[in-house]
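Written out below as structure tokens is the structure these notes cover.
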Amino acid sequence: KEQPSSTTTAGDVEGVTAAIKDLLDTLVEQGVLKQDKAGELLQKMEERLRTEPLPKRPPPPADPNVVGVPYVPEFVKDDIIKQMSPELRAEILQDVLVQAKEERWGLPDVIPWYLRFLKWSGDIRVRAQGDMFANDNAQNFYLDFQKVNSAGGIGKTDNPFLNTSIDRYRMRLRARLAMDAEISDNVNAKMRITTGNSLDPISTNQTLTLGNTGGRYQAVWDEAYLRYEGLSGYTKLTLSGGRMPNPWMHTDLVWDDDLGFDGVIASLNYNLFGLFKPDSSEAPERSVFVTAGAFPIQEVELSSNDKWLYGAQLGTHWEMANQSQVKMGLAYYDFTHITGSMNTLDSKLLDFTAPQSVVKGNTMFDIRNDADPNTNLFALASDYNLVNFTASMDFPQLVPIDVVVTADYVKNIGFDQQKVFERTGVQVKPRTEGYQLMVAVGKKEIAIHGDWKVTAAFKHLERDAVVDAFTDSDFHLGGTDAEGWTLQYDYGLTKQTWFTARWLSSDAIDGPPL
């Protein structure tokens, strides 16, 4: 039904002119128009507005909650489009073409239907690495427990000690290829293969040699798991099973970034102030979460004492009024049946209590009990029940530069000095704490040329604070009983390609100089 129209007034023209001026000023600020072109357009439009009548409009609505805005005539919008810089029009066109190519506009049958549910990703890294030792390091003291256990004893190896004096330089490669298969709206299967030693639970690096004289590269399954994700109002439930990436909010204080977790996890995330958005990987502005998981470490056929890790974490993601973001997580990790047990005389029945993987730092004792002085088998002397608190805060005040401060603290409450004495025969002082403070300045993600980030961290990790086989494999060349600094610089060379320089300096806390 048509409404009676009112006549154009001087106030109408002034309102439209002011709206056009604001619009042009905004377009200049955004780089859409040049300043001189905007001035010419404003002068031209003011002349046309004085000579051409504005379209008539209905009378103001009676509802006081309805707000009227000035109407911008069509000829104004047409002139603005014509004056857009050619470079900007070309850039917009290129963006549309890229999107069309990525989303396969108009080409529904080019790719078979079953391949449209597969997403591929991958990365490759080439690294030059130097391990440089201090001149006053202790010699022939730090046992290579992994080598000794594999050989069957100290007397059965040519050199049972870790290298602490001869600098080492290597070229290394890591390559990974991953596939994400969408099985249904809520279920995905994810798989990834990578380079690396199949016997190493952490590192995926391959050492380079001319002609690959060390043998062809191994390809191992780094990830293979099913994932269910369901949304219901304010709640998101995630269930995963298989070999998965790290499910915890963490730093490399407790867990190495490349460590995979075999087992099952469940995570419940509750959005405090809104509904979850489908297909969004970003955390809500204010939410709490709880994650729990069970992970087999070693299955023992002739024993009921299989080795397991049970973990749970409660955390939150909170955005402040000034857009600062705080993330916190409190976790408890319970390692069961990983402590060694002494064999009875001349027996090997309890050999399985020795760890399958060990680095250095943790308190160890010999569980072999026979008359042969050349045989040894070392196992962990302490229990490990870890309480871990992790927090990070993002300060947005320096946009486009991000400043993120992260703190991490861990305490092994499973260490029992009396039980350790009964196993080792030595009074071992409890050294069960670790902490790390890290500051990162720059871009959160290095995506394009010119992006940069500087990260500095100090770490203090005592002897029995964590299990030495699972912590960062680069800092102090792996293990515990170390403190020191890390300084890292990342720079974007081109799209999705970047350069990293990292310097790590560490010293033993309690042991002889290392």
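What whole-number value in Å² describes the accessible area per residue of segment 279-365 for a 1.4 Å probe? Before the final figure, lay out each step's value.
On the way: 4670 Å² over 87 residues.
Each residue of segment 279-365 exposes 54 Å² on average to a 1.4 Å probe.
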Check your understanding: How far is it, in nm, from the label point at PHE117 to the one at ASP136 when both lie 7 Å from their Cα along the line to the Cβ?
Key -> 6.5
Check your understanding: Which residues' amide hydrogens lie under 5 Å from the amide hydrogen of LEU143, considering only partners 5 or more residues apart or on another chain, with H built in the peptide plane?
Key -> LEU162
Review point. Any idea which of GLY434, GLY414, VAL403 is furthest toward the positive side of the dipole for segment 370-467, if Lys and Arg beta-carbons carry +1 and Asp and Glu beta-carbons -1?
Key: VAL403
**Study point:** Protein accessible area in segment 137-277, 1.4 Å probe - carbon and sulfur %
**Key:** 55
Check your understanding: Just by accessible area at a 1.4 angstrom probe, what is the order of TRP120, TRP308, TRP248 from largest to smallest?
Key -> TRP120, TRP308, TRP248
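Want the number for LYS21 to ALA294: 0.36 nm per residue separation, take away the alpha-carbon distance, what's left?
Details: separation 273, 0.36 × 273 = 98.28 nm, distance 6.31 nm.
Roughly 92.0 nm would be gained on extension.
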Point to revise | Between segment 342-394 and segment 454-511, the alpha-carbon center distance in angstrom | key: 24
Practice item. Keeping all protein chains in place, calculate the accessible area per residue for segment 179-277 (probe 1.4 angstrom), answer in Å². Key: 54
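The values are calculated or read from the model by the stated rules, or taken from the named source; none is laboratory data. This is a predicted model, so every value here is computed, not measured. No Cβ is skipped: glycine too gets one built from the backbone with ideal geometry, and neighbour counts run over all protein chains shown. For the accessible areas, the whole protein counts, side chains as well, though only heavy atoms, and no ligand, DNA or RNA atoms are used. Shrake-Rupley method; radii C 1.70, N 1.55, O 1.52, S 1.80 Å.
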